[in-house]
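Here's the structure we're looking at; comments come further down.
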Amino acid sequence: MIGILIFPDFQLLDAAGPISVFEIAARASGKPLALRVLALNAGAVRSSSGVEMMARDFKSANAITTLVVAGGAGVSAPAGCPATLAFVQRLARRGVRIASVCSGAYVLAEAGLLDGRRATTHWGRTREFVARYPKVKFEPDQIFTRDGNVWTSAGISAGIDLALAMVTEDHGEEIAQATARQLVLYHRRSGGQSQFSSLLELKTPNGRFGGLLSWARENLDARLTVEDLADRAGMSARHFARAFAAETGTTPSKAIERLRIEVARERVQSSREAIERVAETTGFGDPERMRRAFIRAFGQPPQALRRAARAGQRSNGGRCASDERVDAAPDASRADVAV
């Protein structure tokens, strides 16, 4: 049985996304689905959008073999709730597969389940999470991670990727692919979550280096060394490097590479421009240097991202979701879902 743990002001898609994946996988496999939505207190639980879900209390979790903890604006309450943390710890000791979506990772971290483990969460929470939980082997660019029996995912929709991976483990590749087709999704999304973050992540609230970064993004074919950037900022190179790292959480050279990767990816995926030309005009200089940067950031070379983008464009021109048929047993639609 799968349990989805929610709390007041949870993010609706953090719960509904995985629920939909597990529902469709059950139909595709012909196996009944046993799923329960859980909360500290039984009854209607209001999400941050105002939409409510009905939940059972923790006493209904005896048969659970997988627990998925949602995230959301209200995550600080369950992350600081002794009863909730004790519940998660108890299930972990019992060998239950434990997962979090987005900021649900805070609950797992507070329960001590992430100490010494690989984990991730929404890219926007990276700096705070790393500072707060130094024992976690944090991987900021991952869509989802798995370390033993503990899984974590990046922001919001990444919970769907995590759930599809669980379906693969539980039911095999064929069922996972059928589920992804029914949802009109990639079975495995290419790249890491850095492709979804933006220039804004590198800007501090007071915008001290915002103008500089915006200028750099428009001049990526220039050298853009630390000295060049410092000179434009009117600072010594040493002072600039220290101030930039303190306010953005990264070094100037890494920030520039990130901007180059971001712009290059957009052009690789949305145009037919030669890879060599993209590398030249985004400041990589040669295709091999850009290829290595793409593999570090996305796990794939530029050509693979271009092929995936074109395949997605072709799929969007095809049948709609209602035309995708999932073969299932005659009674599969009567999945046993307890909420």
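The values are calculated or read from the model by the stated rules, or taken from the named source; none is laboratory data. Everything numeric here is computed off the predicted structure, so don't read it as measured data. Every residue, glycine as well, gets a Cβ built from its backbone with ideal geometry; the counts of neighbours run over all protein chains shown. Heavy atoms of the whole protein, side chains included, go into the accessibility calculation; ligands, DNA and RNA do not. Shrake-Rupley method; radii C 1.70, N 1.55, O 1.52, S 1.80 Å.
Tabulated data
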item	result
Surface accessible to a 1.4 Å probe, Lys137 within the full protein complex, Å²	120 Å²
Residue list for the stretch 244-263, given a label point 7 angstrom along the Cα-to-Cβ vector of Arg132 and an amide N cut-off under 11 Å	none
Table column - 3J(HN,Hα) (Hz), the stretch 210-220, Karplus curve with 6.51, -1.76, 1.60, x for Gly and Pro	x, x, 5, 5, 5, 5, 4, 5, 8, 9, 5
Whole-Hz ³J(HN,Hα) from phi, Karplus 6.51 cos²θ - 1.76 cosθ + 1.60, for the stretch 173-184, glycine and proline x	4, 4, 5, 4, 5, 4, 5, 4, 5, 4, 7, 6
Val45 long-range amide H proximity, modeled H, under 5 Å	Met53, Met54, Ala55
Arg208 - accessible surface, heavy atoms, 1.4 Å probe, Å² rounded to 10	110 Å²
For Leu38, residues with placed amide H under 5 Å, excluding near neighbours	Ile4, Leu5, Ile6, Arg56
Neighbour-limited loop hits for GluC sites (Glu not before Pro), the stretch 218-276 (at most 16 other Cβ within 10 Å; DSSP other than H, G, I, E, B)	Glu218, Glu273
Under the Karplus curve 6.51 cos²θ - 1.76 cosθ + 1.60, θ = phi - 60°, whole-Hz ³J(HN,Hα) for the stretch 279-295, x wherever Gly or Pro sits	4, 5, 7, 9, x, 6, x, 9, x, 5, 5, 5, 4, 5, 5, 5, 5
